[in-house]
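Structure, as structure tokens:
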Amino acid sequence: MRITVLGSGTSHGIPVVGCGCAVCRSEDPRDKRYRASVFIEGAAGENILIDTGPEFRLQAVRARICRLDALFYTHAHADHLHGLDDVRPLTQDGPLPVYGNPATIEDIRERFRYIFEETQPGGGKPKIAPSVVYGPVVVGGLTVTPVPAQHGTLDIYGWKMAESGAVFVYVTDASFIPDASFDLMRGADCLLLGALRARPHSTHFSFDQAIEAVKKAAVKEAYLTHLCHEHSHEEIAAYCGRTGLQVLPAFDGMRIGIPASTHSFFENAQSGERRCSVRRE
Ligand SMILES: [Zn+2]
Ligand SMILES: [Zn+2]
Ligand SMILES: [Zn+2]
């Protein structure tokens, strides 16, 4: 399994519009963060996307995503959903299965109402088939299981991806994870976990709360994502180093292989080996 971090920023992204702080002005490419999203490739070539933030088009071009087999949503906040229309070129061959919890699927139907209405022929719309799920979904050789969590008072899903010999868990925007979900996460090869900043926040884990969750889940390694502009990548890496755990800040374009021997942290997305076949119009 290979994971590509498409975006590692909080809802504003970094740089924040109109902000002149040191992190927003940083020259370090790891301090440029699109809105949070992740792309997973299974061992048999399955292509899975979690969330479509406002930069989805830019992220998909950069990561050379040519095909999608399934799209999973954590929740329907704008920073996780509003790039949905841009999956259009990847849905020409038939409807893309889309999965989420009841509130998320209801919000998608409401906010993207035009997708589900009959409109004049020729008007381009993404073809998607949304479903509410409460349990595992099979995508090729991967079993994808919802990991329920709380984002303030909002019910959200994390997602656990398992194939033979590899387990990856993505949980972002959580401020509380129930014990039953920790049972699903326990011992995973890799956890990508949302952590906003050092200071507490009412609807997101702080760094310290995220580290407590990493310990409780007893995962082999973890990465922090959904990061805000209060800390540079270097500062978050230094904080992670002091925990004594196998945990690092994520950054846009980061590729994580499971097993870990296939990591390629600093791969330039522009030099990826992926080739897209020519698509008929
Ligand atoms: Zn968010
Ligand atoms: Zn800033
Ligand atoms: Zn959110």
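Considering only DSSP beta bridges with both partners in the chain, what is the antiparallel share in %, to the nearest 5?
Details: 32 of 55 bridges.
About 60 percent, rounded to the nearest 5.
Rounded if a/c is under 1.5, else prolate if a/b beats b/c, else oblate: with a ≥ b ≥ c from the C-alpha gyration tensor eigenvalues square-rooted, which is segment 74-185?
Numbers: a/c = 2.68, a/b = 1.56, b/c = 1.72.
Oblate, because a/c is 1.5 or more while a/b does not exceed b/c.
Based on the alpha carbons, how large is the Rg to Rh ratio for segment 2-269 when Rh follows Kirkwood? With Rh from the inverse mean 1/r over Cα pairs, Rg/Rh is 0.95.
Only helical DSSP H runs with n ≥ 4 go in: add -39500 (n - 2.57) per run for the chain, normalise by residue count and round the 222 nm mean residue ellipticity to 500 deg cm²/dmol. Please report the intermediate quantities before stating the final value.
Details: 7 runs with 53 residues, N = 281.
So the calculated ellipticity at 222 nm is -5000 deg cm²/dmol.
The separation of segment 173-187 from segment 56-104, counted between C-alpha centres, amounts to 24 Å. Each peptide among 27-33, 186-192 gets the average number of other Cβ atoms lying within 10 Å of its residues, and from highest to lowest they stand as 186-192, 27-33. Each residue of segment 156-168 is assigned a 3J(HN,Hα), and the resulting list reads 10, 10, x, 9, 10, 10, 10, 9, 4, x, 8, 10, 10 Hz, derived from the Karplus form 6.51 cos²θ - 1.76 cosθ + 1.60 (θ = phi - 60°), x at Gly and Pro. Which residue, 5, 23, 36, has the largest displacement toward the positive end of the dipole of segment 1-57 when charges sit on each Cβ (Lys, Arg +1; Asp, Glu -1)? Value: 23.
For residue 160, a cut-off of 18 angstrom between C-alpha atoms picks up these aspartates and glutamates, skipping any fewer than 8 places away in its own chain: 41, 46, 51, 69, 173, 179, 183, 189, 221.
Under unit Cβ charges (Lys, Arg +1; Asp, Glu -1), what dipole magnitude, rounded to 20 debye, does segment 10-87 have relative to its Cα centre? Write down the numbers at each step before the final one.
Values: 9 positive and 11 negative charges, 47 e Å.
The dipole of segment 10-87 has a size of about 220 debye.
If only the Cβ of Lys and Arg carry +1 and only the Cβ of Asp and Glu carry -1, the dipole of the chain around its Cα centre is close to 440 debye.
Each peptide in 244-257, 71-84 gets a packing score, the mean of other Cβ atoms within 10 Å over its residues, and the list from highest to lowest is 71-84, 244-257.
For the chain, the relative contact order comes to 19 percent (Cα pairs under 8 Å, sequence separation of at least 6). Where Lys and Arg each count +1 and Asp and Glu each count -1, what net charge lies around residue 197 among other residues with Cβ under 12 Å from its Cβ? After counting each charged neighbour, the total is -2.
Remark on residue 176: its backbone amide H falls under 5 Å from those of 150, 152, a criterion applied only to residues 5 or more positions apart or on other chains, H modelled at 1.01 Å from N.
Need one word for segment 1-106: rounded, prolate or oblate. Basis is the Cα gyration tensor (sqrt eigenvalues a ≥ b ≥ c); a/c below 1.5 gives rounded, then a/b vs b/c decides. Since a/c reaches 1.5 and a/b is larger than b/c, the shape of segment 1-106 is classed as prolate.
Between the amide H of residue 127 and those of 91, 96, distances stay under 5 Å, these residues lying 5 or more places away or on another chain, with hydrogens modeled in the peptide plane.
Where a number appears in this text, it was derived from the coordinates with a stated rule and is not lab data. In this text, all values refer to a predicted model and were calculated from it rather than measured experimentally. Every residue, glycine among them, receives a Cβ derived from its backbone with ideal geometry; neighbour counts consider all protein chains shown.
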